[in-house]
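Encoded as structure tokens, the structure appears first; notes follow it.
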Amino acid sequence: MGIVLWILMFMGLVLAHEFGHFITAKKSGVKVLEFGIGIPPKVCRLWKDKSGTEYTLNLLPLGGFVRLKGEDPKNEADFNAKDSFITARLGNKILILLAGVTMNFLVAWLIFTGIFYVGTKPFQIIPENALKTSSQSYLMPTLSFLQSQGLTSGDILAIPVKIDEVVSGGIASNMKLQSGDILLSINEQKVSILNVSTLLKWFIGQPITISYQRNNKIANWTANCGRDDCVLGISFLNAGNLEVKLIKFPLGQAMWAGLKEIGAEGKLTLSTLGTLGSNLLSFNKTRISWSVNKLTWPVGIVKVVQKLREEKKRSPLLWLIGIISLALALFNVLPIPALDGGRLLGVLIQGIGRLKPEKYFNIEGYINLIFFIALMGLWVYIILKDLVRFRDIKIPFLG
């Protein structure tokens, strides 16, 4: 069921993206030759509308596509036709190319607005020093942000975490922590009863140093926070009466909060993409390996979807869909060949430089093909790594 839900979720987001291209092209006078559901090979033609657009069902359930008239330089008649993409005004081309990411932004905004209108509590409280941006999310906030927004009541009466019981099999058990020990910090991040359950998530796959106090003596212990078993394994006495209030707004405020959430989550996503890109281009084996190991896609998402479905948590599942839609928009707008941002850059270069369309689009076609193959190769690699990581499947050279 998790796999089915992921396929439906991803298909829906990609089809929403492609519908943006589709409807904008239609309104701009550019003929749409085909609106494909799924990725070829083609299974069948569903129908054909009055304008000549074919709606097709394709074999691979990995999204969809829109095929515009005039995108193939080898077909001279279509390429130079009045209703082709290449002969459209520069402004219309820009609108068509940006319409897909606009639809993904719109989907994310509607989802976030709905969450805030119905009401929710934060899905995760993140450490104060974990952010590289001043913009904060309502759904993944720091404690200080919640307090500044008046979304908490009560106080944390005892900040240190005093262990009540150690559960076997966790990091605490391996460290020989005992009942009565007081946790002080994890990787120099101050531990509180509010963040102890989520702090480790920020160090998955990395060595961690835990500072604790026993009999008035402070000690440090270094352990490895594994990708699948990064669990502290303790119960502790809640020495405070801090309560996080329900985040719920009237429709107008919910819409504004949704926009702010897009800004906050967008900055976090771009910051993550920037770190990933710099690590991959650093030619440092350790940094590259760490970044690739942090990537996840279908298998990891399926696992998250399954967990949320089993726990019957609808708001986090909707948030996940919104985040993926937002990530698709931000990723597609990057000026990388084969993506909308890369195509937009090409259109601007061709239009401003007044280059001959036939020659330019032939060159761009080869560049897009190379980058598309590279992106698909990275996708397959991430899937295989996920199978090793989450399903314990042995794959040569990967684990």
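Only the coordinates and a few stated rules stand behind these numbers; no lab work does. Because the structure is predicted, anything quoted here is derived from the model rather than measured. Cβ: placed from backbone, ideal geometry, glycine included. Neighbour counts: every protein chain shown.
In this structure, the amide hydrogen of GLY63, modeled 1.01 Å from its nitrogen in the peptide plane, lies closer than 5 angstrom to those of GLY38, ILE39, counting only residues at least 5 positions away or on a different chain. For the residue pairs LYS69/LYS267; LYS31/LYS267; LYS27/LYS248; LYS31/LYS260; LYS201/LYS260; LYS162/LYS267, the C-alpha atoms sit more than 29 angstrom apart in LYS69/LYS267; LYS31/LYS267; LYS27/LYS248; LYS31/LYS260; LYS162/LYS267. Sorted on the mean count of surrounding Cβ atoms within 10 Å across their residues, most packed first, peptides 7-16, 92-101 read 92-101, 7-16. Net charge in the neighbourhood of GLU261 (other residues with Cβ under 15 Å of its Cβ; Lys, Arg +1, Asp, Glu -1) is +3. Annotation: peptides 268-279, 210-221, ranked by per-residue average of other Cβ atoms within 10 Å with the highest first, follow the order 268-279, 210-221. Converting phi to 3J(HN,Hα) with the Karplus coefficients 6.51, -1.76 and 1.60 and the offset θ = phi - 60°, segment 98-115 yields 8, 5, x, 5, 4, 5, 5, 4, 5, 4, 4, 4, 4, 5, 4, 4, x, 4 Hz in sequence order, with x at every glycine or proline.
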